[in-house]
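Data first, discussion second: the structure below is written as structure tokens.
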Amino acid sequence: MRLTRYFLPVLKETPSDAQIVSHRLMLRAGMIKQASAGIYSWLPMGYKVLRRIEHIVHEEQIRAGHIPMLMPTLQSADLWRESGRYDDYGQEMLRIKDRHDRDMLYGPTNEELITDIFRAHVSSYKDLPLTLYHIQWKFRDEIRPRFGVMRGREFLMKDGYNFDIDKDAALHAYNRHLVSYLRSYERMGLQAIPMRADSGPIGGDDTHEFLVLADTGESEVFYDSEITDLKFGDRAVDYDSVTQCRAVLEEFTSRYARTDETHDEALFHAQVPEARRRSARGIEVGQIFYFGTKYSEAMGATVAGPDGTRTPVHMGSHGIGVSRLLGAIIEASHDDKGIIWPEGVTPFHCGIVNLKQGDSTADTACERLYSALVARGLEPLYDDRNERAGAKFATMDLIGLPWRITVGPRGLDKGVVELTSRRTGDSEEMSPEAAIGRVAQIYAQP
Ligand code: 5CA
């Protein structure tokens, strides 16, 4: 993409109404624009990162054997009356009447809708296990929408639902989700720690939230410091293996880590030596639930077992805050100049800065670099504006592309361009070919 042909409405001033750094940077970098309280338009660069995050979530869900589909945003109130949640959900649910005076709602989550699909089409244990998921917009009429996309009213969520014959099988689905979530967050450059949590309006006893530690997080958390040393890394886990998935669960959840809703000070002291006790703030980027037969019993979702007797299916639901993740990633990765995108989610793979636009040698070298990177399957953002170098660097630093190639007449005389890491600030001179090779290698799939 050439910057002169793109739509990147960066702001010079720091927006005064944004309280936390990720919100300020998303506005300044021209990623989002508020449409009304807690509702945002995703401008091209924000949308690009949103799609990158979605793509990682899809890949990891499919790798775990979960099946993508798409359910609507608007739902009929009738299903929610069956489960009993139409009244329970309260003011957070946006209720709408259609022209026939029928009660509709903008879905805050989809347990009812998916259970209705299941009961209409599945009736035998032979069709289990089954996990269906979608990535769809949700609406929760939050009393205090704030911090930009972090606590929105309209937000994008991945929500998945498992259907299993019994509790053991459903717990395997729970563990499988835990593994797939650890992988997903790490690919986004994040450390998200599973913590024992409260299940709230979704229900059930078994639930973990995934938290990214950040001072601006809305949740207070308590944990054993050893937990932050755990990395999922590139280990191969067979998602069909009950023992392998359980081993990961045990490794990542056996140490004390709880949100304030489930925190137990006495237990904390008993389990964790003082030097390792930490309290901090965290951003909740996902949550997994096992709630057994809560919805299947209320809505009559049963399957016939091998002997023909019908039993309610065991279910769980599993969410990732896709749009919230943009805020969480920026909170975890920025400096005073702007965003620092992890390679896994960056909107463009690298920037090209032409120090002397209009100089035919520099222009030609930039065009060549640009086409060579595109030919390698990469997406560079070429700053071809007629601007001074300082302004171009400031824009690149603000929007946070992890790598920048700087091209100027003086370097070209020596046959070199400069490759700079946004994270470390380190620069290295090399031939344009070498720079292309390096960038291609950084993004090569292992
Ligand atoms: N049905 C279950 C799992 S599919 C569910 O709704 N879980 S949830 O309530 O925990 O939401 C899943 C994730 O969505 C949360 O972990 C959080 O990351 C994100 N989320 C929840 N509310 C908001 C909000 N108001 N703005 C942005 N993201 C949100």
Check residue 282 against each of (1) on the phi > 0 side of the Ramachandran plot; (2) surrounded by 21 or more Cβ atoms within 10 Å (Cβ to Cβ); (3) small (Gly, Ala, Ser) and name the one condition it does not meet. (1)
Residue match in the range 255-274 (condition: within 30 Å of residue 128 (Cβ to Cβ), open to solvent by 20 Å² or more (accessible area, probe 1.4 Å) and in contact (Cβ under 8 Å) with a residue 40 or more places away in the chain): no
Going through the range 55-78 in order, the residues found to be in contact with a Lys or Arg (Cβ under 8 Å, 6 or more places away or on another chain) and within 15 Å of residue 138 (Cβ to Cβ) are 57, 73
Among the residues of the range 127-134, is any open to solvent by less than 60 Å² (accessible area, probe 1.4 Å), without any contact (Cβ under 8 Å) to a residue 40 or more places away in the chain and more than 16 Å from the ligand (Cβ to nearest atom)? no
Do we find a residue being touching a strand residue (DSSP E or B) at 6+ places or on another chain (Cβ under 9 Å) and either within 20 Å of residue 182 (Cα to Cα) or not β-branched (Val, Ile, Thr) (or both) anywhere in the range 231-239? no
If we keep just the residues of the range 320-334 that are open to solvent by 10 Å² or more (accessible area, probe 1.4 Å) and under 9 Å from the mean Cα position of the chain (by Cα), which is nearest to the ligand (Cβ to nearest atom)? 321
Pairs under 8 Å by beta carbon, first residue within 15 Å of residue 192 (Cα to Cα) in the range 203-215, partner among the acidic types (Asp, Glu) and near the ligand (Cβ under 9 Å from one of its atoms), six or more apart or different chains? 209/284; 210/284; 211/284
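How many residues does the range 374-398 hold that are closer than 24 Å to residue 445 by Cα, surrounded by 22 or more Cβ atoms within 10 Å (Cβ to Cβ) and of a type in the set (A, V, I, L, M)?
We begin by selecting, within the range 374-398, every residue closer than 24 Å to residue 445 by Cα; these are 374-382.
After this cut, where a residue has to be surrounded by 22 or more Cβ atoms within 10 Å (Cβ to Cβ) as well, the list is 380-382.
Okay, now just the ones that are also of a type in the set (A, V, I, L, M), so 381.
The qualifying residues number 1.
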On the given criteria, is residue 361 touching a Pro at 6+ places or on another chain (Cβ under 8 Å), open to solvent by 10 Å² or more (accessible area, probe 1.4 Å) and not in a loop (DSSP other than H, G, I, E, B)? yes
Odd one out for residue 300, checked against (1) among the small types (Gly, Ala, Ser); (2) within 15 Å of the ligand (Cβ to nearest atom); (3) more than 21 Å from the chain's Cα centre (by Cα): (2)
Select the helices (runs of 4 or more DSSP H) contained entirely in the range 31-148, then report the ones holding at least 3 residues which are at pLDDT 95 or above. 44-63, 77-83, 111-121
From the residues in the range 149-164 that are in a strand (DSSP E or B) and open to solvent by less than 10 Å² (accessible area, probe 1.4 Å), which one is farthest from residue 128 (Cα to Cα)? 156
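The values are calculated or read from the model by the stated rules, or taken from the named source; none is laboratory data. As the structure is a computational prediction, the values presented were derived from the model and not from experiment. Quick reminder, even Gly has a Cβ in these numbers, built from the backbone with ideal geometry, and neighbours come from all protein chains shown. Surface accessibility is based on the protein's heavy atoms, side chains included, excluding ligands, DNA and RNA. Shrake-Rupley method; radii C 1.70, N 1.55, O 1.52, S 1.80 Å.
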